[in-house]
Amino acid sequence: MTNPPPRPSSESTPPPAQPSGPIPVSTQPTMRLIGPLGTELLLPTSSNTFYEDRRRYGKRGFTDPGDLTHHPLELPRCMVDFFDWTLIGCREFMSRDETGQPIPAVDYRGRVYKRRDLPGNKKLKLPEGDVKYSRGAKAGEEQIASGASGENAGYVTLVFFRSKGPPLAEFCKPGTFAQAQAVYQADRVSQQAMPQASD
C-alpha cells in the first residue's frame, strides 16, 4: 500500500501578501481623442482647462471618437462666423464653388465640408438665413444624408447654424463673443420688426 505524500506544513507556506494600504485611484477627468492617423489619446483635463485642451489638440486634427456626421451639431445662427472649429478638430480654409467663387470650408477627418446658405422654405418651416457646412453624400450614406423632414437630402452635414438662441461663449473663437452677441441682438431686432413691416 502506497502512503500519500506528506502534507506541507503550515509553517512552510507563506501567508498571502496583504496590501500595504488602499490602492490609489485617479479621479482626474480624462478626454478621449482620436488623432488624424487613428492614434487614440487619453488626455488628463479639468473643468478649467477643458476648452483650452480641445483647442490645442483640435488644431492638430484630433477629434472625438464619435463621428459628428451621424449626429450633426446644431448651433445658434449668430455664431456662423465665430464658431471655433478647432473644438471639433477642423481646419478652416477657402474652397471654390461650382462657378469658381471662393467659399468657406472646413476639413474634418480628411473630408471637405463647404458652407451652404440655405433659402427659406415655408413648407418645411425653414427660415431664411440658416447655414450648414456639408458635403455631397457618397454611395451608402443615404441614411445619414436624409435628415429630418428631408432638408438634408443628398448631403452629409457636419454643423447646422439654425437656432435663434444667443451665442455660446465657450464655443466662440477667442475674442469674438461680443461680435456674436451683436449679431444675435441685430437678428432679434430684425425679427421683431418684420410683422410691422408687413402691415
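Tally the residues that are part of a strand (DSSP E or B) and surrounded by 13 or more Cβ atoms within 10 Å (Cβ to Cβ), restricting the search to region 42-54. Qualifying residue count for the region: 1. Counting the residues of region 97-121 that are assigned to a loop (DSSP other than H, G, I, E, B) and closer than 28 Å to THR39 by Cβ gives 2. Residues in region 165-199 that are modelled with pLDDT of 95 or more and of a type in the set (Lys, Arg): LYS173 alone. Taking the criterion of being within 12 Å of VAL159 (Cβ to Cβ) and either out of contact with any Pro (no Cβ under 9 Å at 6 or more places or on another chain) or modelled with pLDDT under 95 (or both), the residues of region 35-76 that qualify are LEU68, THR69, HIS71, PRO72, LEU73, GLU74.
Does region 124-131 contain at least one residue that is within 17 Å of the chain's Cα centre (by Cα), at pLDDT below 95 and within 23 Å of PRO167 (Cα to Cα)?
Going through region 124-131, the residues within 17 Å of the chain's Cα centre (by Cα) turn out to be 131.
Then drop every residue that is not at pLDDT below 95, which leaves 131.
Imposing the further condition that a residue be within 23 Å of PRO167 (Cα to Cα) reduces the set to 131.
Yes, that holds for at least one residue.
Going by the structure shown, is TYR57 in contact (Cβ under 8 Å) with a residue 60 or more places away in the chain, open to solvent by 20 Å² or more (accessible area, probe 1.4 Å) and of a type outside the set (S, T, N, Q)? When the stated conditions are applied, TYR57 does not pass them. Do you know which residues across region 65-96 are surrounded by fewer than 20 Cβ atoms within 10 Å (Cβ to Cβ), out of contact with any helix residue (DSSP H, G or I) (no Cβ under 7 Å at 6 or more places or on another chain) and in a loop (DSSP other than H, G, I, E, B)? PRO65, GLY66, ASP67, HIS71, PRO72, ASP81, listed by residue number.
The values are calculated or read from the model by the stated rules, or taken from the named source; none is laboratory data. Quick caveat: nothing in here was measured; it's all calculated off a predicted structure. Here Cβ is always computed from backbone atoms with ideal geometry, including for glycine, and neighbour counts include all displayed protein chains. These area figures cover heavy atoms from the full protein model, side chains too; ligands, DNA and RNA do not enter into them. Shrake-Rupley method; radii C 1.70, N 1.55, O 1.52, S 1.80 Å.
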